[in-house]
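A short worksheet on the structure shown next.
The values are calculated or read from the model by the stated rules, or taken from the named source; none is laboratory data. Keep in mind the model is a prediction, meaning the values are calculated, not measured. Backbone-built Cβ (ideal geometry, glycine too); neighbour counts: all protein chains shown.
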Amino acid sequence: MSPAWVLPTVRATSWWPLAVVACCLAVVAVPLHAGALGADGPADDLLGPVAAALAAAAVAGLRDPAAALLAAVPAPAPTRRTHRLVLLVPAALVVWSAWLALGDDVRPPDLLALVALVALGLAGALAAAGRGGAPVGASAALAVGTAAPVVWVLASRAGGHGWDAHVGALLVVGATALVLGRDR
Amino acid sequence: MTSRPVTGPTVPGVVTAAPPLSFAGVTRSFGRSRAVDAVSLTAGPGVVGLLGPNGAGKSTLLRIAATVLAPDRGEVRLLGLDPSRPDERLEVRRRLGYLPQAPGLYPGFTPFDLVDYVAVLKEHTHAARRREEVRRVLVSVGLEDDMHRKIRRLSGGTRQRVALAAALLGDPDLLVLDEPATGLDPEQRLRLRSLLSQARTVVMATHHIAEVSSVCHEVHVVLGGRVHFSGPPAGLAALAAGRVWEDDRPDPRAVHSWLTPAGTHRHVGEPPAGAALVAPTLDDGYLLLTAEARR
Ligand SMILES: Nc1ncnc2c1ncn2[C@@H]1O[C@H](COP(=O)(O)OP(=O)(O)OP(=O)(O)O)[C@@H](O)[C@H]1O
Ligand SMILES: [Mg+2]
């Protein structure tokens, strides 16, 4: 039997950002698959934006309208956030894998690159939540977290390096934020 | 009223009774603005009210009391424990119920599902007993008929009672309630009063002076982040003794004047010679205190 938190967490999680991105990708995938948009798979140019959109959607799924009500329960905010991420990240990875499968093989480094973008978004949200006691699930902090992967991919493109060139560094940033923001 | 002695960290063999809540020199700022300024107070057992104008710092104090916010300075003890230490904070949270001022809910949940989720997060692990407890708190706030309707279909006051039920889970040793009566109809307010009088220690912010006089045995008036009065409600009313009078026209010398339903003008302040003094109420004491603090 699944732990008691699973079902309510599935219901409380904001799935619609991920669903919207998945639907958009499905719509784009049809002409891509038919070869209408380019070579024999999703154009490499699209990989960064797609990963950014999926990472942003996963972070946006942390939005929690009941964050204030739950602020003082024994299961702390990081635990509840982890519960959601345990559901959101695999879901985003499934969509990402499906997208990658349109072109090349699905390679573990590509999967890790998406996780790194989510970690960056999480770091942004935790940093924006600050010490003010505003929960990370509140909209302002989460908006920063949602924007972070998108800004990263755009900045990488402007800077002329690959969006997935610093996966290790992003993972370190995410892990550091999780440790420093463990009370948020 | 049932009250359990609350014991703090002990020297082996010695039991020390600590107040359920104690603040010493607690300060908390947001940026440059100081929301709570060197507040020292103790509370409980019983019902303690926080009164004060908008922006006075009541919610900030309650968030500190609920372990949601850490103070910049000062010492907080809750149920004899130090919430700045993670292990003690966890222990406090196990014995605490918190109703925030703006409790968001999940609109797609039913009250039963939501309170059940809160119960899961409050470590009510035994499924059957948890459901029994969820039903108990929902019935205690009068939601027996609405507990299986979607929250998005419930009225504002009904939603407030859902959040209140969540705070009551597990019969907490310390209840921290931020404006619990908001949106409640008179019948539900009466029910709230009786719930509060059965609780062990309640600290609540309110703008309803009637609530304070009917349930609180102690009241703290917070103004500009500081506590300006601490004592029984009667003591707050007594601040205005000899300083409330009525006559048939407005009096510009009064700090507050208002027209009563009886058609007379009631004034608080320094009464003129020969004024018809009347017995002060809690409102009079509160209005006088806030007006004098502003000067
Ligand atoms: N998260 C925050 N960030 C910045 N300022 C804040 C924050 N929370 C509270 N404040 C400020 O702290 C002060 C006290 O606010 P608080 O919410 O504690 O007042 P209150 O007494 O509960 O008011 P009300 O009766 O309106 O609920 C206000 O000036 C408010 O603007
Ligand atoms: Mg408030």
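Values as computed for the structure displayed
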{"item": "Cβ-Cβ under 7 Å pairs, at least 6 apart or on other chains, segment B:170-196 side within 14 Å of chain A (Cβ to nearest Cβ), far side within 16 Å of ligand 1 (Cβ to nearest atom) and in a loop (DSSP other than H, G, I, E, B)", "result": "B:V176/B:A66; B:D178/B:P100; B:D178/B:Q101; B:E179/B:Q101; B:E179/B:T206; B:E179/B:H207"}
{"item": "Hits in segment A:115-141 (condition: modelled with pLDDT of 85 or more and in contact with an Asp or Glu (Cβ under 9 Å, 6 or more places away or on another chain))", "result": "A:A116, A:L117"}
{"item": "Boolean, A:R182 is within 23 Å of A:G48 (Cβ to Cβ), surrounded by fewer than 18 Cβ atoms within 10 Å (Cβ to Cβ) and either touching a residue at least 60 places away in the same chain (Cβ under 8 Å) or within 14 Å of chain B (Cβ to nearest Cβ) (or both)", "result": "no"}
{"item": "Conditions (1) away from chain B (no Cβ under 14 Å); (2) more than 16 Å from ligand 1 (Cβ to nearest atom); (3) closer than 30 Å to B:L96 by Cβ; number of the one not met by A:L69", "result": "(1)"}
{"item": "Residue under evaluation B:G104, criteria (1) closer than 30 Å to A:P3 by Cβ; (2) away from ligand 2 (no atom under 16 Å from the Cβ); (3) touching a Pro at 6+ places or on another chain (Cβ under 8 Å), criterion not met", "result": "(2)"}
{"item": "Identity of the residue in segment A:59-92, of a type in the set (D, E, K, R) and assigned to a loop (DSSP other than H, G, I, E, B), that ends up farthest from B:T60 (Cα to Cα)", "result": "A:R63"}
{"item": "Failed condition for B:D116, given (1) at the interface with chain A (Cβ under 9 Å from one of its Cβ atoms); (2) surrounded by fewer than 15 Cβ atoms within 10 Å (Cβ to Cβ); (3) charged (D, E, K, R)", "result": "(2)"}
{"item": "Any hit, segment B:77-84, residues being more than 9 Å from ligand 1 (Cβ to nearest atom), farther than 24 Å from B:P233 by Cα and facing chain A (nearest Cβ under 9 Å)", "result": "no"}
{"item": "Tally of residues being more than 11 Å from ligand 1 (Cβ to nearest atom) and either outside any strand (DSSP E or B) or touching a Pro at 6+ places or on another chain (Cβ under 9 Å) (or both) across segment B:40-53", "result": "5"}
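Let's see how each residue does on (1) in contact with a Cys (Cβ under 8 Å, 6 or more places away or on another chain); (2) in a loop (DSSP other than H, G, I, E, B); (3) within 11 Å of chain A (Cβ to nearest Cβ); (4) not β-branched (V, I, T):
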site: B:A70; (1), (2), (3), (4): no, yes, yes, yes
site: B:R89; (1), (2), (3), (4): no, no, yes, yes
site: B:P107; (1), (2), (3), (4): no, yes, yes, yes
site: B:V120; (1), (2), (3), (4): no, no, yes, no
site: B:R129; (1), (2), (3), (4): no, no, no, yes
site: B:E133; (1), (2), (3), (4): no, no, no, yes
site: B:G142; (1), (2), (3), (4): no, yes, no, yes
